[in-house]
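No lab work stands behind these numbers, since they all come straight from the coordinates. The structure presented is a predicted model; accordingly, all values stated were derived computationally and were not measured. Cβ coordinates were reconstructed from backbone atoms using ideal geometry, including for glycine residues, and neighbour counts include every protein chain displayed.
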Amino acid sequence: MRIAFIADPPSSFKIYKDSTYAMMVEAAKRGHELHFMLQEGLMWKDGRILGDSRRLTLTAKKDPWYEAAASKETPLAEFDAVLMRKDPPFDAEYVASTWLLELAQKEGARIFNDPRAIRDHSEKLAIAKYARFAAPTLVTRLAAQLQRFIDANRDVVLKPLDGMGGESVFRVAQNDPNRNVIIETLVRDGAKSVMAQRYIPEIRDGDKRILLIAGNFMEPSSIVLLLAPILFPVAVKLGVDPIHFGIIMTINMEVGLIHPPVGLNLYVASGIAKMGLTETTVAFAPWIVIMVLYLLLVTYVPPIATWLPNSIYKVAG
């Protein structure tokens with residue numbers, strides 16, 4: 001397959017955590033042909049949607065990690081798949097790109113994800129559908145509203161609606177001497193919408209439940225493919241050791257696989273042992289307790305998971 005990635009310049013990739021790079025590596029392993037283009041390389045020309053694309057070859061090295069051929073104007077419909085991987089800001093040019101991609105779809109291009117879905121779905125405002133599960137939240141362009149929200153909630157997080165990766169995210173306390181400057185910087189005299197949310201101290205401990213739940217009905221490789229690109233950048237941004245995060249994720253998934261009511265390995269073991277599901281669950285119970293205790297230890301005492309790999313890296317270095 002010929003796969004085209006619409007992304008930021010490859011030279012800007014942080015390959016130790018970039019999910020687009022991970023997708024490229026896996027595609028290359030499977031023998032697919034890689035191409036990339038910048039957002040500004042999209043164009044409508046001579047009645048067709050084209051991309052100023054380059055063939056990309058991975059070098060299997062850290063630097064440089066790729067080699068790029070000469071650029072070529074290619075109709076998007078000629079690729080087997082086009083992946084829109086451009087990072088925010090979600091500005092007018094981003095919207096314009098989704099318009100062009102919709103036109104490319106009508107020409108037969110296979111665009112992932114759907115351009116309309118990318119444009120219409122706000123990652124931050126999506127919580128409005130589940131407001132009763134969210135912390136107190138305000139979205140506004142009015143500085144006075146933000147000031148009142150901070151006074152009411154005492155400790156809040158402010159962030160722009162169009163940012164990503166923790167960019168321009170501020171934690172502001174009621175007595176913060178810089179609160180006025182932060183608000184003025186974010187709203188830009190009422191020109192920019194800002195989301196304010198009450199700060200939840202427990203966020204420092206993270207939320208592992210999603211991995212336990214996913215392990216109940218999905219096998220590990222699927223969980224990694226779907227959730228790691230979302231959770232890993234957040235964990236790194238919060239200062240979590242990447243090795244520690246990977247081990248926590250693995251143990252969570254394994255616990256989920258043997259955890260009732262629908263842990264997949266419960267059914268496998270039940271079939272092999274020719275025992276009823278309830279019988280199997282009871283037999284698994286001591287091991288589930290041990291694994292949960294181990295998960296708690298590894299989560300809250302990071303050196304248990306990191307001392308050995310860190311020691312190896314020091315020796316290798």
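Name the residue farthest towards the positive end of the dipole of the chain from the options S193, L142, V255, assuming +1 on Cβ of Lys and Arg, -1 on Cβ of Asp and Glu, about the Cα centre.
Towards the positive end, the residue furthest out is V255.
Select from segment 23-119 those GluC sites (Glu not before Pro) which occupy a DSSP coil region and have at most 16 other Cβ atoms within 10 Å, ordered by residue number.
Listed in order of number, the matching sites are E107.
Give me the net charge of S122's neighbourhood, meaning all other residues with Cβ under 12 Å from the Cβ of S122; Lys, Arg count +1, Asp, Glu -1.
Combined, the nearby Lys, Arg, Asp and Glu give 0.
I need the shape label for the chain. Rule: rounded when a/c is under 1.5, else prolate if a/b > b/c, else oblate, with a, b, c from the alpha carbon gyration tensor.
oblate
If you place +1 on the Cβ of every Lys and Arg and -1 on the Cβ of every Asp and Glu, how big does the dipole about the Cα centre of the chain come out, in debye to the nearest 20?
Dipole of the chain, to the nearest 20 debye: 320 debye.
Would you order K72, K159, K129 from fewest to most other beta-carbon atoms within 10 Å of each residue's own beta-carbon?
K129, K72, K159
In nm, to one decimal, how far is the modelled label at R141 from the one at A92, with both set 7 Å along Cα→Cβ?
1.3
Simple spin-label model, 7 Å along Cα-to-Cβ: A191 to K129 in nm?
3.3
Classify segment 125-199 as rounded, prolate or oblate from the Cα gyration tensor: take a ≥ b ≥ c as the square roots of its eigenvalues, call it rounded if a/c is under 1.5, otherwise prolate when a/b beats b/c and oblate if not.
It comes out oblate by the Cα gyration axes.
In percent, how large is the relative contact order of the chain, given Cα pairs closer than 8 Å and 6 or more residues apart?
So the answer I get is 11 percent.
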